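Engineer: Quick one: the structure is below, questions incoming.
The values are calculated or read from the model by the stated rules, or taken from the named source; none is laboratory data. All values derive from a computational prediction rather than experimental measurement. Here the Cβ positions follow ideal geometry from the backbone for every residue, glycine too, while neighbour counts run over all protein chains shown.
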Amino acid sequence: MSPSENDPSPRTITMGGPAEKATPDKLAGQETIARPLNDGRSEDAGNSQRTSVAADTQTVSTAPPTSAVTSRPDRIWIPDPSLHHIVIVGGGAAGLELATKLGDSLGRRRKAQITLVERARTHIWKPHLHEVAAGTMDVGRDAVDYLAQASDHHFRYRIGEMIGLDRANREVHLAPSHDAEGHEVTPARAVPYDTLVMAVGSTSNDFGTAGAKEFAISLDTADEAVRFHQRLVNRFIRAHAQPGPVRPGQLHVTIIGAGATGTELAAELHRTTRQVVAYGLDRIDAEKDLKITLVEAAERILPAVPPRVAEGATRLLRSLDIDVRTQARVIEVRPDGVRLADGDFIPSELVVWAAGVKGPDLLKDLDGLEASRSNQLVVTPTLQTTRDPDVFAIGDCAFLLNPGETRPVPPRAQAASQQSTHLAKQMKRRLDRKPLQPFVYRDFGSLVSLGEYSTVGNLMGFLTGKGLMVEGYFARLMYRSLYKMHQSALHGWWRVMLDTIARTLTRRTEPRVKLH
Ligand SMILES: Cc1cc2nc3c(=O)[nH]c(=O)nc-3n(C[C@H](O)[C@H](O)[C@H](O)COP(=O)(O)OP(=O)(O)OC[C@H]3O[C@@H](n4cnc5c(N)ncnc54)[C@H](O)[C@@H]3O)c2cc1C
């Protein structure tokens, strides 16, 4: 291990001009970077690389991702340049937990300053996106506001999509952001760092399937999930209002990919579509007109869980009249349905792509950092990228194959959370110049929610290390506790408890399924 690998002490950096000298760090007892300060006024000197405007204020529109940034944008204002600056890019399951933990420890005690860079304004826990899509979760009510979270937990939130990295100058480059009318909110900016943590998650992988980008919706972001839900409700209202009967294939939904996302979505949609119809769309016959097809290229659904659990889930889905097709490879998505490799055609009005994951394209060539074939940043067991010990990666965007293991750490919420907990501890060691400890992933098992019908899964025995199959109420409690753990990492147990009580009460006065 080279001396710099665990050494957080910043060094002389260049700012497009002569090298600047390092100055002593007042708090951590180590040297840190002296960087010139913008006074904040320069932040409005943006450029206009914008290409698209999001439909709502949640998402920030950006220039296309590229690490080859040609012009040098202005640096953001840093309140205390003498402090070690930890920048986390991506405020999801991994990044937001890490920012909160580091803010509460290092930020609060002014041992380091923490900045979270995130392209969205609010956070929704990704495993809940299928519920947003089905209408059983309301983004407006359940989202965490990044600004408020940052203010409560001693870190800074800077909105913007990372589009490039300049490792020589230790800067993250952000695209300008815009409001729904297309007006610029923030200009292109550079965020200087001493330690960078990449936590940008993953996106679904359509493997270049014809028509997938144009005609299928993925559930990668809250905006996409909301968009799917709005389309769904609109299709139902249209079908109800049309003069003729529901056409074949009209209210059919095909979900491509029967991992946890696709399977959970199928079960959730089955219930909510019936609920939407029950709200008074009485010209639609739920049993006859609605159809959900779940398509999977592998031999069985839920490849990440033991076969027994998958068989149970398949039986349940089929008993609900959900068409489960395994060993079925999609070769084309069309506006009116899905074509399979065996020549079969599944007519569908709505298609969801829920198969495969890959890292964001941004990581493919991020200023020379090593990336896996699926665009994840390759990291060592200390979660440092293989070519730059000052850049870490956690969560879905990290590729970690621990020595002796045959499979990398899976892209799952529990891995993201474990890595953020581990890295929060390691950052303190890094500031104290102690060697970093390796991350060891602990698989606690997998749980799959089949909506209100059931929850199935397997939990790993602590002592035996063997899987224990769980189902029904206990499994559902465990499933819910995963989210509660994420919430408590963000807000603390006490607030989560109050929130749970409040929601239990208000749920009785609200519709079970969101209708707009
Ligand atoms: C529908 C669905 C259901 C799932 N269900 C489960 C489940 O039941 N159990 C389970 O263990 N896992 C589940 N997962 C997987 C789980 O959600 C992920 O493993 C987990 O969210 C990964 O956390 P992360 O922080 O790495 O990424 P994310 O949670 O995806 O967070 C990434 C963040 O980075 C931001 N970002 C991305 N690019 C940029 C950029 N260039 N600049 C600035 N910000 C950026 C994004 O806006 C996002 O906030 C599910 C995933 C989906 C989509």
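Engineer: Just to be sure I understand the filter: pairs with C-beta atoms under 7 Å, separated by 6 or more residues or on different chains, first member in segment 202-215 and assigned to a helix (DSSP H, G or I), second member buried (at least 18 other Cβ atoms within 10 Å of the Cβ) and not aromatic (Phe, Trp, Tyr). Which pairs pass?
Structural biologist: Ala212/Asp206; Ala212/Val333; Lys213/Asp206; Phe215/Val333; Phe215/Val351
Engineer: Same structure, new question: When segment 255-279 is examined, which residues are found to be closer than 16 Å to Arg318 by Cβ and more than 19 Å from the chain's Cα centre (by Cα)?
Structural biologist: Ile255, Ala266, Ala267, Leu269, His270, Arg271 - these are the residues of segment 255-279 that are closer than 16 Å to Arg318 by Cβ and more than 19 Å from the chain's Cα centre (by Cα).
Engineer: Sticking with this one: Assuming Gln418 fulfils every condition listed in (1) within 16 Å of the ligand (Cβ to nearest atom); (2) at pLDDT 95 or above; (3) surrounded by fewer than 18 Cβ atoms within 10 Å (Cβ to Cβ) apart from one, which condition is it?
Structural biologist: The failed condition is (3).
Engineer: Would a scan of segment 152-174 turn up a residue that is within 13 Å of the ligand (Cβ to nearest atom), touching a Pro at 6+ places or on another chain (Cβ under 6 Å) and β-branched (Val, Ile, Thr)?
Structural biologist: yes
Engineer: Taking the residues in segment 137-164 that are in a helix (DSSP H, G or I) and out of contact with any helix residue (DSSP H, G or I) (no Cβ under 9 Å at 6 or more places or on another chain) as candidates, determine which candidate is farthest from Asp74 (Cα to Cα).
Structural biologist: Here the answer is Gly140.
Engineer: When residues of segment 91-129 are filtered for being away from the ligand (no atom under 15 Å from the Cβ), assigned to a loop (DSSP other than H, G, I, E, B) and in contact with a strand residue (DSSP E or B) (Cβ under 9 Å, 6 or more places away or on another chain), how many remain? Break it down stepwise before answering.
Structural biologist: Here is the first cut: in segment 91-129, the ones away from the ligand (no atom under 15 Å from the Cβ) are 103-114.
After this cut, where a residue has to be assigned to a loop (DSSP other than H, G, I, E, B) as well, the list is 108-111.
From the residues that got through so far, the ones that are in contact with a strand residue (DSSP E or B) (Cβ under 9 Å, 6 or more places away or on another chain) too are 111.
Here the count works out to 1.
Engineer: Still on this structure, please answer the following. Please specify each residue of segment 333-378 satisfying the condition of being of a type in the set (Lys, Arg) and within 21 Å of Ala260 (Cβ to Cβ).
Structural biologist: In the first step, residues of segment 333-378 are kept if they are of a type in the set (Lys, Arg); the result is 334, 339, 358, 364, 373.
Listed by number, the list holds a single entry, Lys358.
Engineer: Could you look through segment 154-209, keep only residues that are polar (S, T, N, Q) and under 26 Å from Gln113 (Cβ atoms), and pick out the one that is surrounded by the fewest Cβ atoms within 10 Å (Cβ to Cβ)?
Structural biologist: Restricting attention to segment 154-209, the residues satisfying the condition of being polar (S, T, N, Q) are 169, 177, 186, 195, 202-205, 209.
Applying the additional criterion that residues be under 26 Å from Gln113 (Cβ atoms) yields 169, 177, 186, 195.
Details: Asn169: 16, Ser177: 23, Thr186: 18, Thr195: 23.
Residue satisfying both the conditions and the ranking: Asn169.
Engineer: Further question on the same structure: Can you pull out the residues in segment 211-267 that are surrounded by fewer than 23 Cβ atoms within 10 Å (Cβ to Cβ) and among the charged types (D, E, K, R)?
Structural biologist: Of everything in segment 211-267, those that are surrounded by fewer than 23 Cβ atoms within 10 Å (Cβ to Cβ) and among the charged types (D, E, K, R) turn out to be Lys213, Glu214, Asp220, Asp223, Glu224, Arg227, Arg231, Arg235, Arg238, Arg247.
Engineer: Among the residues of segment 423-445, what is the count of those that are more than 17 Å from Ala393 (Cβ to Cβ) and buried (at least 22 other Cβ atoms within 10 Å of the Cβ)?
Structural biologist: Summing the residues that are more than 17 Å from Ala393 (Cβ to Cβ) and buried (at least 22 other Cβ atoms within 10 Å of the Cβ) in segment 423-445 gives 1.
Engineer: Can you find even one residue in segment 68-81 that is in contact with a helix residue (DSSP H, G or I) (Cβ under 7 Å, 6 or more places away or on another chain), within 14 Å of the ligand (Cβ to nearest atom), in the same structural domain as His422 (by TED's automatic domain parsing) and more than 23 Å from Cys397 (Cβ to Cβ)?
Structural biologist: Scanning segment 68-81, I find no residue that is in contact with a helix residue (DSSP H, G or I) (Cβ under 7 Å, 6 or more places away or on another chain), within 14 Å of the ligand (Cβ to nearest atom), in the same structural domain as His422 (by TED's automatic domain parsing) and more than 23 Å from Cys397 (Cβ to Cβ), so the answer is no.
Engineer: Can you name every residue in segment 353-372 that is in a loop (DSSP other than H, G, I, E, B), within 11 Å of the ligand (Cβ to nearest atom) and over 16 Å from Gln419 (Cβ atoms)?
Structural biologist: So in segment 353-372, the residues in a loop (DSSP other than H, G, I, E, B) come out as 354-356, 359-360, 364-370, 372.
Adding the requirement that they be within 11 Å of the ligand (Cβ to nearest atom) leaves 354, 359-360, 366.
Listed by number, the residues that qualify are Ala354, Pro360, Leu366.
Engineer: Which of the numbered conditions does Arg170 fail, given that it passes all the others? Conditions: (1) under 20 Å from the mean Cα position of the chain (by Cα); (2) at pLDDT 95 or above; (3) of a type in the set (Lys, Arg).
Structural biologist: (1)
Engineer: Go through segment 373-412 and give me each residue that's assigned to a loop (DSSP other than H, G, I, E, B), among the polar types (S, T, N, Q), more than 15 Å from the ligand (Cβ to nearest atom) and under 21 Å from Thr195 (Cβ atoms).
Structural biologist: Filtering segment 373-412 down to residues assigned to a loop (DSSP other than H, G, I, E, B) leaves 373-376, 380-383, 386-387, 394, 400-412.
The next check asks that each one be among the polar types (S, T, N, Q); those that pass are 374-376, 380, 382, 386, 402, 406.
Retained after the next criterion (residues that are more than 15 Å from the ligand (Cβ to nearest atom)): 380, 382, 386, 402, 406.
If the condition is that a residue be assigned to a loop (DSSP other than H, G, I, E, B), among the polar types (S, T, N, Q), more than 15 Å from the ligand (Cβ to nearest atom) and under 21 Å from Thr195 (Cβ atoms), then Thr380, Thr382, Thr386 are the ones that fit.
Engineer: Next question. Given the structure, is Val470 β-branched (Val, Ile, Thr), touching a residue at least 60 places away in the same chain (Cβ under 8 Å) and within 16 Å of the ligand (Cβ to nearest atom)?
Structural biologist: Details: β-branched (Val, Ile, Thr): yes; touching a residue at least 60 places away in the same chain (Cβ under 8 Å): no; within 16 Å of the ligand (Cβ to nearest atom): yes.
The answer is no for Val470.
Engineer: Looking only at segment 185-212, count every residue that is over 30 Å from Asn169 (Cα atoms) and modelled with pLDDT of 95 or more and tell me the total.
Structural biologist: Residues of segment 185-212 that are over 30 Å from Asn169 (Cα atoms), as a first pass: 204-212.
Pick out the ones that are also modelled with pLDDT of 95 or more and you get 209-212.
Total meeting the criteria: 4.
Engineer: May I pose another question? Going by the conditions given, is Ala190 under 30 Å from Thr385 (Cα atoms), touching a Pro at 6+ places or on another chain (Cβ under 9 Å) and within 10 Å of the ligand (Cβ to nearest atom)?
Structural biologist: Working: under 30 Å from Thr385 (Cα atoms): yes; touching a Pro at 6+ places or on another chain (Cβ under 9 Å): yes; within 10 Å of the ligand (Cβ to nearest atom): no.
No.
Engineer: If you don't mind, there's one more thing I want to ask. Given (1) touching a residue at least 12 places away in the same chain (Cβ under 8 Å); (2) over 29 Å from Arg110 (Cβ atoms); (3) of a type in the set (A, V, I, L, M), where does Leu401 come up short, assuming only one miss?
Structural biologist: Answer for Leu401: the failing condition is (1).
Engineer: Now for a different question. Residues being more than 16 Å from the ligand (Cβ to nearest atom) and in contact with a strand residue (DSSP E or B) (Cβ under 8 Å, 6 or more places away or on another chain): count how many of those fall in segment 325-352. Show your work before the answer.
Structural biologist: As a first pass, look at segment 325-352 and keep what is more than 16 Å from the ligand (Cβ to nearest atom): 325-349.
Then drop every residue that is not in contact with a strand residue (DSSP E or B) (Cβ under 8 Å, 6 or more places away or on another chain), which leaves 325, 328-333, 336-341, 345-349.
Of the residues in that region, 18 qualify.
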